[in-house]
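The values are calculated or read from the model by the stated rules, or taken from the named source; none is laboratory data. Quick caveat: nothing in here was measured; it's all calculated off a predicted structure. When we count neighbours, we look across all protein chains shown, and the Cβ atoms used for this are built from the backbone with ideal geometry, even at glycine.
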Amino acid sequence: MSTHGWDDDDAILREVAIALREVEHLAEPVRVAGEAAYTWRGVDEELELASLAYDSLLDAGPAVRAAAVDGGRTLLFTGPSGSVQVEHDAGLVVGQLIPPGPGRLTVQGGNGYHAESEVDEVGCFSFRPPDARPIRLRVSADSVDLVTDWISF
């Protein structure tokens, strides 16, 4: 294994100093993009990820998938602190938190889509999803703070 003349710490520090002097300053757009990416690095850390536990599309099997979509769809997401059940039919999504409680639901979608809905005291909510875009749900309620996997209706 070659050490490239790095027999001691002083040699390593000289090489690092040379490398740092050779680096050009970053262009402003690159610096801004880097700072923005770093700022968002842990945005979801405080939320638990609720994974998909049930999808009614899978009950009917692949041969009758189109019929299941036309008749509505039920999804259940579960996480350590609770669950979110949603049903999509006729362009409207209704759902409930388990355990129930008041709070706020945020619908996040691709291309910056953002909508909010109140969650009532029994944990119920409703919203109209965007057309043909994947979304995820962020729930902040009394005992439930979670975000779901991305889904499309």
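So the values come out like this:
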quantity	calculated
Residue match in the range 81-102 (condition: outside any helix (DSSP H, G or I), touching a Ser or Thr at 6+ places or on another chain (Cβ under 8 Å) and at pLDDT below 85)	no
Failed item in (1) within 22 Å of residue 127 (Cβ to Cβ); (2) at pLDDT 85 or above, with residue 58 passing the rest	(1)
Residues that are surrounded by 14 or more Cβ atoms within 10 Å (Cβ to Cβ) and farther than 12 Å from residue 50 by Cβ, drawn from the range 134-149	134, 135, 140, 141, 142
Answer residue from the range 116-153, given it is of a type in the set (Val, Ile, Thr) and part of a loop (DSSP other than H, G, I, E, B) and is nearest to residue 84 (Cα to Cα) among those	144
When residues of the range 61-80 are limited to those that are out of contact with any strand residue (DSSP E or B) (no Cβ under 6 Å at 6 or more places or on another chain) and surrounded by 14 or more Cβ atoms within 10 Å (Cβ to Cβ), the one modelled with the lowest pLDDT	68
Qualifying residue in the range 36-45 (condition: closer than 28 Å to residue 107 by Cβ, at pLDDT below 75 and among the polar types (S, T, N, Q))	yes
